[in-house]
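Data first, discussion second: the structure below is written as structure tokens.
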Amino acid sequence: MRLNRGFAVAALAAVGVLGLSACAGGGAEPDEPIAEAPEFEAGSTMADLAEAGSITIGTKFDQPLFGLQGLDGEPVGFDVEIGKIIASELGISEDNIEWVETVSANREPFIENGTVDIVIATYTINDTRKEVISFAGPYYLAGQDILVLEGNPEGITGPEDLEGQNVCSVAGSTSEKNIAEYGVNLITTDTYSNCLEPLRNGAVVAVTTDNVILAGLADQNPGEFEVVNNAFTSEPYGIGLGLEDDVFRNWINDVLEEAYADGRWADAWTDTAGTVLDLPEPPAVDRY
């Protein structure tokens, strides 16, 4: 369910969900709560989502380790697990999350027009984007790097080596803007996976985006590609939401910090990106 919500502040008491439980010895136990509905401010985005019992999350479907569509049609990855943590704190189960494929170029429009409630899609926080949406987080710090053919036949060690050469990135991404400063001939597409065939056939000499995305692509195609492993930017990944929805943004930041402290963030990493990459330190959220 997609909702347009304000963030008026008032008190709202939520009703606890009660259930019956049986004792091990077969005798009846008194009724006791098996789940408790969270309490949120009336009119807040959290209250609206909790009442609806569902949330729509935009994520990528072609990013190994972070957001990759599985055989059942559902995405899997670190971004997806972060979304599940947020949903659970709203009292929303995994099967009541609607995942919407969200590519770099449509992340802001999807938030602005209400197609999604939040976006978690390897989404770099920057000041330009903050003019039209808000960010919670960051929940991960990446860095832009370069993907080349296995063995690095061109001897590329950094972005300076790419001047005047054909390089593939995604239209509308931070990576596209960053690499353009190095005088490359940009070949753009809608997804990073679509950059791989031009790299295979020599139409480009490199693909560039965040190191964790490139690591996932290399891992998915063993023996074909390698990451130069020389990050030249800092890319804080945030959770996109409606502009100036400060109550919702602060609440998500609270959830992230709780997930850092109780191990859920680390578990989400270990089960997804951690199959290829070492466990990093969680970044401090930016409560701007």
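Rule-based calculations on the coordinates, nothing more; no lab input. The structure presented is a predicted model; accordingly, all values stated were derived computationally and were not measured. Quick reminder, even Gly has a Cβ in these numbers, built from the backbone with ideal geometry, and neighbours come from all protein chains shown.
Here are the numbers:
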read-out	value
Rel. contact order, % - alpha carbon contacts under 8 angstrom, at least six apart, segment 144-227	43
Charge-dipole axis of the chain as Lys and Arg at +1 and Asp and Glu at -1 on Cβ define it, positive-most pick from Gly242, Tyr140, Gly91	Gly242
Linear extension gain, Glu94 paired with Glu226, 0.36 nm per residue minus alpha-carbon span	44.1 nm
Placed amide H near Asp210: partners under 5 Å, 5+ positions off or other chain	Asp145
Dipole of segment 144-227, positive direction: furthest Cα of Pro153, Asn194, Pro222, with charges on the beta-carbon	Asn194
Sorted peptide list for 88-101, 106-119, criterion being average Cβ within 10 angstrom, highest first	106-119, 88-101
Cut-off 12 Å (backbone N to label point 7 Å along Cα→Cβ of Lys130), residues of segment 257-286	286
Over the chain, relative contact order from alpha-carbon pairs under 8 Å, at least 6 apart, %	22
Amide H contacts of Ile118 (H built 1.01 Å from N, under 5 Å, at least 5 apart or other chain)	Thr56, Gly58
Chain lengthening between Glu197 and Asn250 when straightened (0.36 nm per residue, less Cα-Cα)	14.9 nm
Local net charge near Glu258, Cβ-Cβ under 11 Å (Lys/Arg +1, Asp/Glu -1)	-3
For segment 144-227, size of Cβ-based charge dipole, Lys and Arg +1, Asp and Glu -1, in debye	180
Acute angle (nearest 10 degrees) that the helix 246-262 long axis makes with the longest principal axis of the chain, alpha-carbon atoms	90
Charge dipole magnitude, Cβ of K and R +1, D and E -1 - the chain, Cα centre, debye nearest 20	520
Radius 10 Å from Cβ of Ile57, net charge of other residues (Lys, Arg +1; Asp, Glu -1)	-2
Nearest 10 degrees, 0 to 90: helix 211-220 Cα axis against the chain principal axis	80
